[in-house]
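**Q** Quick one: structure below, then a few questions.
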There are 4 protein chains.
Amino acid sequence: MKATGQTFRVGIVGGTGYTGVELLRLLASHPRVTVSVITSRTEAGQPVSDLFPNLRGHYDLAFTDPDPATLAAQCDLVFFATPHNVAMRMMPELLAAGVRVVDLSADFRLTDAELWSRWYGEPHACPELLAEAVYGLPEMNRAKIRDARLVANPGCYPTAVQLGFLPLLEQSLVDVQRLNAFAASGVSGAGRQARIPNLLTEAGDNFKAYGASGHRHLPEIEQGLGWLASDPVRLTFVPHLAPMIRGMQATLTAELVDPTLSLEDLQTLFEDRFASEPFVDVLPLGSHPETRSVRGANVCRLSLHRPQGRDVVLVLSVIDNLVKGASGQAVQNMNIMLDLPETMGLDAPALLP
Amino acid sequence: MKATGQTFRVGIVGGTGYTGVELLRLLASHPRVTVSVITSRTEAGQPVSDLFPNLRGHYDLAFTDPDPATLAAQCDLVFFATPHNVAMRMMPELLAAGVRVVDLSADFRLTDAELWSRWYGEPHACPELLAEAVYGLPEMNRAKIRDARLVANPGCYPTAVQLGFLPLLEQSLVDVQRLNAFAASGVSGAGRQARIPNLLTEAGDNFKAYGASGHRHLPEIEQGLGWLASDPVRLTFVPHLAPMIRGMQATLTAELVDPTLSLEDLQTLFEDRFASEPFVDVLPLGSHPETRSVRGANVCRLSLHRPQGRDVVLVLSVIDNLVKGASGQAVQNMNIMLDLPETMGLDAPALLP
Amino acid sequence: MKATGQTFRVGIVGGTGYTGVELLRLLASHPRVTVSVITSRTEAGQPVSDLFPNLRGHYDLAFTDPDPATLAAQCDLVFFATPHNVAMRMMPELLAAGVRVVDLSADFRLTDAELWSRWYGEPHACPELLAEAVYGLPEMNRAKIRDARLVANPGCYPTAVQLGFLPLLEQSLVDVQRLNAFAASGVSGAGRQARIPNLLTEAGDNFKAYGASGHRHLPEIEQGLGWLASDPVRLTFVPHLAPMIRGMQATLTAELVDPTLSLEDLQTLFEDRFASEPFVDVLPLGSHPETRSVRGANVCRLSLHRPQGRDVVLVLSVIDNLVKGASGQAVQNMNIMLDLPETMGLDAPALLP
Amino acid sequence: MKATGQTFRVGIVGGTGYTGVELLRLLASHPRVTVSVITSRTEAGQPVSDLFPNLRGHYDLAFTDPDPATLAAQCDLVFFATPHNVAMRMMPELLAAGVRVVDLSADFRLTDAELWSRWYGEPHACPELLAEAVYGLPEMNRAKIRDARLVANPGCYPTAVQLGFLPLLEQSLVDVQRLNAFAASGVSGAGRQARIPNLLTEAGDNFKAYGASGHRHLPEIEQGLGWLASDPVRLTFVPHLAPMIRGMQATLTAELVDPTLSLEDLQTLFEDRFASEPFVDVLPLGSHPETRSVRGANVCRLSLHRPQGRDVVLVLSVIDNLVKGASGQAVQNMNIMLDLPETMGLDAPALLP
């Protein structure tokens, strides 16, 4: 069912995690892209469908050892679905070979190498590319993404939070020194790693905050909100772990600078701002978005409230952390970079129930 | 992204349940079909995306009152996604108007009107069509389905159980008087109805058998197994409710007539029998299929065991109860009836994790 | 295993919900109390263990029609485990008959009848008792509870939020005009009612905010926080539904009036304030309480953070919504009223995993 | 609240797993027992309540390195809550020192050392004690348990399956060559180990069979059923993993030797057999036991069916795998050994919802 036109060959570095299998799932239905390489140091030689039985019949591909030369030879574009500290080591060689990259890891999200090393506890291995890397939130940076060699795909929390605050900050409507983001994520946000706290027996039927004193996504969020506000912002950000597989919900509050602004005005502002965005959906007034409404889909759904009619605006924002919060947004960025229709391969509805 | 060729118009009667929303989800990605009508007595006038927020942006369609004349005028094919006892009342008029039907309810699954009324507690309203109705298990009845006016789409348990036993019964390899099927279903199998036992607080973190003295799917299963065996069969069938949304697993056991038959022989038999079936996947020896490997996908995955090397063969069979167990199989039947590629609209991988 | 001393007879009005069964569970292990009456209009005549199989072997008691005279004759103390609008109709007669009452419903939580009727949409039926009713948060009102005829047992959100803010407000350490409470509850908080949104298929693997424009617990919380602060407060309160059975987590933020106050100072303040409270547990610095650590137990666990070292204090508070958030606190209040050891019947550890 | 009489000191070897924390939870409410030692090689020095926050306030005890001499000096009775292959190495020294032992591991469950080493892949380290060890299913072996030095606490599947078949086998009512047991367990049955398949993201919303070709509990079950039947039996046993924390359900089928035996006869047989058993509950005809009805409680609930009135008897059996399937049964055995009331510390109702 591949549509007419050139077929692009893409590679995935680090394909054994959840963002890797989600890229494979999404790309299996993409009419103009073929996955030509998928790498894993630990699983080299093993067919991807042995690790991910949902892919049986969809891929006849085995993991290989990561090798920049091979990637350069066999791929037009490469996704990094690795933990931080991998992409930044291979990046110079790949870019030099003419490969374009969408990096789903945190390596190129912060433009400030100092800030990066403060949060990640080691020096940045490739600071010379930080200025060139384009922050891949299409709703903010579409034009730059189109021509980028290197796109830093946003984190899941940053995506949910930035999209929710975006119109308020662009229009300078709220006190940027007093922003709050309370967010809850499904356990897949923690990756496919054998850790006791993420066992069903530990994370099931349980709810907790984590990283309350400081989460690595905070500097990325504040950086992005600062760009939107054209001013430094201050955010209290508290992430939580919810007993579910996928899904992320952010509850955002801010104080209105002008309390005479009505909820209806704000609703119009949001609807107008996102009217032409294919993957942001502003719900009608009175709504509460649910994470299940975006399960498996590359959509952020938002709704607005003004609790008690007071001068606080409340934005509710949901995404699938693995899709609009990771692999779906990466495919969206790829589509933009390859001059394909932005929604290509991303238009299936969410799985509900 | 509609492919070339005629576009067919389909209708859905009773679209407020889980099989209804699943039909809508699957058909949204189908390149040759448009949903032109969706009915609901209780929700008439309401947009489908108000009830099912995953469909926002995918359908600009509202529920209407069910009316055979309208359905006949606007649809080439109609799905019934109703409880039993609805389809059989509208069927004569629809068929007379030249509409073809895939009925997801139980109304036309049993060929014996007496048997039907014993299990459903009332007379069958349309016994004259029972002989014509084709039982819509494509792996058994593909040729008949192609020309059918009325296809009775199998139940979820019957699909998982029949596909698992199929090669054994066709080849008369097991004692058909001593078949066992232990099966577990996600809660979506109980439908979208406000019932206390299906609350998250009641069904969550809980496991139980139900219908142990006799479940309505039993006669359908025994009928189908009887066709496969060309002989009446006797099955002990125990369904269970598992604390999950989707998914069905059947564990089937039978005594081998010829105990010298090796597990490898059986494996070959299964692989050969299903080699050309697009939606049945026989796993390698030693495997245990998981329901999540088919979440959202129109696939039945099977594996074979011979516990302790004794003369019992064990088949494990998983499906998504809403897809291969209901709406996906209905679309598969529709594809066959409309002479479309059988996999059209059904080739997306399962959602994992 | 009943200890020496008088045995008290208690009644439960409205015993078919989750707070009812939880009272029965807790009281089954209480050495000085016997449940003599349990009422239900809809289930009169049915043994409680038919409805709640966990109670088989523990109670030989059937539901009866609610009748004030019978309750007065057979009970020293009565719990109301009813929806709002029931207790306030029976209260005068019961009190007149000398029965003492712990009301788990919302009827007597607000002291302002106007405010009550604004949120509940009807006039209060018994405003003359509002002044006498004692708000049953023992950590705030222990002395008054001891002698009360009528104790209004707090709601679950109010309990988690008030305990978390308590030391900060008592000591006037934070800006009371800018309080935030984001809270998540398990589905049992919605009661044992047949509603589609609470089905496992709808609430499972899902997270959402609700009541964002105004939840009925807000006035109760603001009233209690106002008492603690000796001043009106302004709270942004957003409740969420988490896909779990039990458990409630509140994430509270406030701006420190004196930013030189260190996190260690705040920790000491909390530890001192709750040192003699048997059911409030302040975790060590750096902790994040988990709802599962209080599953089934009458405990509120708290921890403190100061995100990024900024002038915001963050309190994390977890309870079991059915225990410290409802029935456990009711038993605690009963113990105080009956001059029994406050922890009697409430000292079993939480169920983990 | 310790009752009058001697207080016994018990030790727990290997207390970092789920059976360890469950022993601690249960013993916290036991009026005649104090936990004096709890060991862990990996966590020595750490307070138990750091690892298990539900125990905060209940234990002032830290893990220590396991040492037989210390255990002997400080304990009247020792529980082994270890993986297999630990207890059998320390056992001779402990017994020699006069300590009595309840071993929750598999080391002494099989009386045949050959069989043990076939299933566990190594020689048994202490075959000389196998004959002395008493299989700790009180409903079968109460008298022997009373005087035992060493009790081998049954596995969870064996408990659920043996109790369900017990009256049928004792009375020789079924064909013991054709027994079937399909069973489903919550994930806590797999222990508190960091394994990817047991992550919430992998085991959640999922159902699968495992060990279908042969599970280590099978020889233990067949051994126990053989004792009951006074004859070797043949069982097809298929365990499954259900997406829940606790709970185990077994669905047992057998062919009646005498088909004229009515379901009512069988019901009477079961009720009579278990009438004086405090922890076996035979439900009324027509029931289906639920695992949540025993969550946290030391109970096995059973119900009987005769599907379709055919000559097959179906027994449904539920337990909490960590309680009657492990730690609760261990406490029950301890009570018997110490001549305490058998139900002491085990009489709290299950946690529902």
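**Q** I need the full set of residues from the stretch D:132-179 which are within 30 Å of D:E255 (Cβ to Cβ) and among the polar types (S, T, N, Q), in order please.
**A** Across the stretch D:132-179, the qualifying residues are D:N141, D:T159, D:Q162, D:Q171, D:S172, D:Q177.
**Q** Do the conditions hold for D:S293, that is, is it among the hydroxyl-bearing types (S, T, Y) and without any contact (Cβ under 8 Å) to a residue 24 or more places away in the chain?
**A** Values: among the hydroxyl-bearing types (S, T, Y): yes; without any contact (Cβ under 8 Å) to a residue 24 or more places away in the chain: no.
Here the answer is no, as D:S293 does not meet what is asked.
**Q** Which residues, taken from the stretch A:283-319, are open to solvent by 10 Å² or more (accessible area, probe 1.4 Å), within 14 Å of chain B (Cβ to nearest Cβ) and farther than 27 Å from A:G345 by Cβ?
**A** Selection gives A:P284, A:L285, A:G286, A:S287, A:H288.
**Q** Right, next: Can you pull out every residue in the stretch A:114-143 that is within 14 Å of A:N333 (Cα to Cα) and either open to solvent by 30 Å² or more (accessible area, probe 1.4 Å) or assigned to a loop (DSSP other than H, G, I, E, B) (or both)?
**A** Let us first name the residues in the stretch A:114-143 that are within 14 Å of A:N333 (Cα to Cα), namely A:133-143.
Answer for the stretch A:114-143, where residues must be within 14 Å of A:N333 (Cα to Cα) and either open to solvent by 30 Å² or more (accessible area, probe 1.4 Å) or assigned to a loop (DSSP other than H, G, I, E, B) (or both): A:A133, A:G136, A:L137, A:M140, A:R142, A:A143.
**Q** Taking only pairs six or more apart or across chains, which ones have beta-carbon atoms under 7 Å, a first residue in the stretch C:114-136 that is among the polar types (S, T, N, Q), and a second residue that is part of a loop (DSSP other than H, G, I, E, B)?
**A** C:S117/C:P123; C:S117/C:H124
**Q** Taking the stretch A:120-173, which residues are farther than 22 Å from A:L269 by Cβ and among the acidic types (D, E)?
**A** Matches in the stretch A:120-173: A:E122, A:E128, A:E132, A:D147.
**Q** Mind counting the residues in the stretch C:320-353 that are surrounded by 22 or more Cβ atoms within 10 Å (Cβ to Cβ), in contact with a strand residue (DSSP E or B) (Cβ under 6 Å, 6 or more places away or on another chain) and assigned to a loop (DSSP other than H, G, I, E, B)?
**A** Number of matching residues: 1.
**Q** With respect to B:G325, is the statement that it is within 12 Å of another protein chain (Cβ to nearest Cβ) and not β-branched (V, I, T) true?
**A** Values: within 12 Å of another protein chain (Cβ to nearest Cβ): no; not β-branched (V, I, T): yes.
When the stated conditions are applied, B:G325 does not pass them.
**Q** Okay, moving on. Tell me which residues, restricted to the stretch A:329-353, are away from every other protein chain (no Cβ under 12 Å), within 16 Å of the chain's Cα centre (by Cα) and not aliphatic (A, V, I, L, M).
**A** Residues satisfying the conditions are A:Q329, A:Q332, A:N333, A:N335, A:E342.
**Q** Still on this structure, I have one more. Looking at the stretch D:222-242, which of its residues are over 23 Å from B:A254 (Cα atoms), open to solvent by 10 Å² or more (accessible area, probe 1.4 Å) and facing another protein chain (nearest Cβ under 7 Å)?
**A** Across the stretch D:222-242, there are no qualifying residues.
**Q** Oh, and also: Considering the stretch B:312-353 alone, what residues qualify as being of a type in the set (D, E, K, R) and out of contact with any Ser or Thr (no Cβ under 9 Å at 6 or more places or on another chain)? Explain how you work it out, then say what you get.
**A** Kept after step one, since they are of a type in the set (D, E, K, R), are these residues of the stretch B:312-353: B:320, B:324, B:339, B:342, B:347.
Hits for the stretch B:312-353 are B:D339, B:E342.
**Q** Within the stretch B:1-23, how many residues turn out to be open to solvent by 10 Å² or more (accessible area, probe 1.4 Å), within 20 Å of B:P68 (Cβ to Cβ) and more than 14 Å from chain A (Cβ to nearest Cβ)?
**A** Of the residues in that region, 3 qualify.
**Q** One residue is enough: does the stretch A:254-265 have a residue meeting the conditions under 25 Å from A:K324 (Cβ atoms) and either outside the structural domain of A:V312 (by TED's automatic domain parsing) or in contact (Cβ under 8 Å) with a residue 60 or more places away in the chain (or both)?
**A** Checking the stretch A:254-265: at least one residue is under 25 Å from A:K324 (Cβ atoms) and either outside the structural domain of A:V312 (by TED's automatic domain parsing) or in contact (Cβ under 8 Å) with a residue 60 or more places away in the chain (or both).
**Q** Which of the residues that make up the stretch D:161-210 are more than 20 Å from C:D205 (Cα to Cα) and small (G, A, S)? Please lay out each step first, then the result.
**A** Residues of the stretch D:161-210 more than 20 Å from C:D205 (Cα to Cα): D:161-185, D:189-195, D:209-210.
D:G164, D:S172, D:A181, D:A183, D:A184, D:S185, D:G189, D:A190, D:G191, D:A194, D:A209, listed by residue number.
**Q** Ok, one more. Would you check which residues across the stretch B:200-221 are hydrophobic (A, V, I, L, M, F, W, C) and within 7 Å of another protein chain (Cβ to nearest Cβ) and list them? Walk me through how you get there before you give the answer.
**A** Narrowing the stretch B:200-221 to residues hydrophobic (A, V, I, L, M, F, W, C): B:200, B:203, B:207, B:209, B:212, B:218, B:221.
Scanning the stretch B:200-221 gives B:L200, B:A203, B:F207, B:A209, B:A212.
**Q** Kindly establish whether C:P278 is open to solvent by 10 Å² or more (accessible area, probe 1.4 Å), in the same structural domain as C:V187 (by TED's automatic domain parsing), of a type outside the set (A, V, I, L, M, F, W, C) and not in a helix (DSSP H, G or I).
**A** Details: open to solvent by 10 Å² or more (accessible area, probe 1.4 Å): yes; in the same structural domain as C:V187 (by TED's automatic domain parsing): yes; of a type outside the set (A, V, I, L, M, F, W, C): yes; not in a helix (DSSP H, G or I): yes.
Answer is yes for this residue.
**Q** Hand me the list of helices (runs of 4 or more DSSP H) wholly inside the stretch D:152-233 holding 2 or more residues that are without any contact (Cβ under 8 Å) to a residue 60 or more places away in the chain. Spell out how you get there, then give the answer.
**A** Numbers: elements: D:156-170, D:200-203, D:217-229.
Ranges flagged: D:200-203, D:217-229.
**Q** Within the stretch A:244-254, is even one residue under 15 Å from C:T251 (Cβ atoms), more than 7 Å from chain C (Cβ to nearest Cβ) and buried (at least 24 other Cβ atoms within 10 Å of the Cβ)?
**A** Yes, because at least one residue in the stretch A:244-254 is under 15 Å from C:T251 (Cβ atoms), more than 7 Å from chain C (Cβ to nearest Cβ) and buried (at least 24 other Cβ atoms within 10 Å of the Cβ).
**Q** Still on this structure, please answer the following. Can you tell me which residue within the stretch A:159-186, out of those that are of a type in the set (S, T, N, Q) and more than 14 Å from chain C (Cβ to nearest Cβ), is most open to solvent (accessible area, probe 1.4 Å)? It would help to see each step written out before you state the result.
**A** In the first step, residues of the stretch A:159-186 are kept if they are of a type in the set (S, T, N, Q); the result is A:159, A:162, A:171-172, A:177, A:180, A:185.
Add one more test, that the residue is more than 14 Å from chain C (Cβ to nearest Cβ), and what stays is A:159, A:162, A:171-172.
Values: A:T159: 0, A:Q162: 0, A:Q171: 102, A:S172: 81 Å².
Going through the qualifying residues, I end up with A:Q171.
**Q** Is there any pair linking a residue in the stretch C:327-353 that is closer than 17 Å to D:A348 by Cβ to one that is surrounded by fewer than 21 Cβ atoms within 10 Å (Cβ to Cβ) and basic (K, R), with Cβ under 7 Å and at least six apart or on different chains, and which?
**A** From the stretch C:327-353, the pairs are C:M344/C:R32.
This table checks each residue for (1) touching a Ser or Thr at 6+ places or on another chain (Cβ under 8 Å); (2) open to solvent by less than 10 Å² (accessible area, probe 1.4 Å); (3) at pLDDT 95 or above.
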{"site": "D:G155", "(1), (2), (3)": "no, yes, yes"}
{"site": "D:S188", "(1), (2), (3)": "yes, yes, yes"}
{"site": "D:Q193", "(1), (2), (3)": "no, no, yes"}
{"site": "D:E202", "(1), (2), (3)": "no, no, yes"}
{"site": "D:Y210", "(1), (2), (3)": "no, no, yes"}
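**Q** In the stretch B:85-126, which residues are of a type in the set (K, R) and under 27 Å from D:Q308 (Cα atoms)?
**A** B:R109, B:R118
The values are calculated or read from the model by the stated rules, or taken from the named source; none is laboratory data. Owing to the predicted nature of the structure, the values given are computational and were not obtained by experimental measurement. Note that each Cβ is placed from the backbone with ideal geometry, even for glycine, and that neighbours are counted across all protein chains shown. These accessible areas exclude ligands, DNA and RNA; they are computed on the full protein's heavy atoms, side chains included. Shrake-Rupley method; radii C 1.70, N 1.55, O 1.52, S 1.80 Å.
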